[in-house]
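What follows is one structure encoded as C-alpha cells, with my remarks underneath.
The values are calculated or read from the model by the stated rules, or taken from the named source; none is laboratory data. Predicted model, so just to flag it, every value in this text is computed and none were measured. Cβ placement follows ideal geometry from the backbone for every residue including glycine, while neighbour counts extend to all protein chains displayed. Accessible surface is based on the protein model in full, side chains and every heavy atom, while ligands, DNA and RNA are left aside. Shrake-Rupley method; radii C 1.70, N 1.55, O 1.52, S 1.80 Å.
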Amino acid sequence: QVQLVESGGGLGQPGGSLRLSCAASGSRFSIYTMAWYRQAPGKQRHLVAWITSTSRTNYTDSVKGRFTISRDNGKNTVYLQMNSLKPEDTAVYYCYALFNARAYWGQGTQVTVSS
C-alpha cells in the first residue's frame, strides 16, 4: 500500500508561481513512476506530467515550458513547479504513483489562479 499526501496548493496570480509537493510512503519510492493529474470543475481528470524512476519526464502540451516535475528519492517526494500560471490552470491537482502494476492516488490539492 502506498499513501500519497499533497501539499502546496492555494491561490496563485496569473503569471505567478506555485510549487506542489507529494510525499509518498514506502521504502521503494525510487522505483515508483510518479505523476500529477488535474481536474477542473465539470471536466475529466487529465495527466499533467509524469516522471519515471530514471527521472525521464513528459508533459501535456498546455504546460510545456511552464511546469517542471521533479523527484527527491531521499525525501520520498515528487514536486510540480508551476510557473507563468494561467487562469485555465485552476483545478484540483492529484498526485499519482504506479508501483507493482497498481495505481495510487492522493487526496488532491486545490490550485486557483486568479487576480
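List of remarks:
- Distant-in-sequence amide contacts of LYS86, defined by a placed amide H-H separation under 5 Å and a gap of 5 or more residues or a different chain, comprise GLY15.
- Net length available on complete extension from THR54 to LYS86 is 8.5 nm, with 0.36 nm assigned per residue and the Cα-Cα distance removed.
- Per residue, in Å², the accessible surface of the chain once ligands and nucleic acids are set aside, probe 1.4 Å: 53
- Backbone geometry of segment 46-56 corresponds, through the Karplus equation with coefficients 6.51, -1.76 and 1.60 at θ = phi - 60°, to 3J(HN,Hα) couplings of 10, 5, 9, 7, 9, 9, 8, 5, 9, 6, 6 Hz, x marking Gly and Pro.
- Accessible carbon and sulfur surface of the chain relative to its total accessible area, %, 1.4 Å: 45
- Computed FRET value (nearest 0.05) for THR68 with GLN3, which takes r as the C-beta separation and R₀ as 25 Å: 0.55
- Distant-in-sequence amide H partners of GLY12 (H built 1.01 Å from N, under 5 Å): THR112, VAL113, SER114
- Accessible area per residue was computed with a 1.4 Å probe on protein heavy atoms; LEU98 scores about 70 Å².
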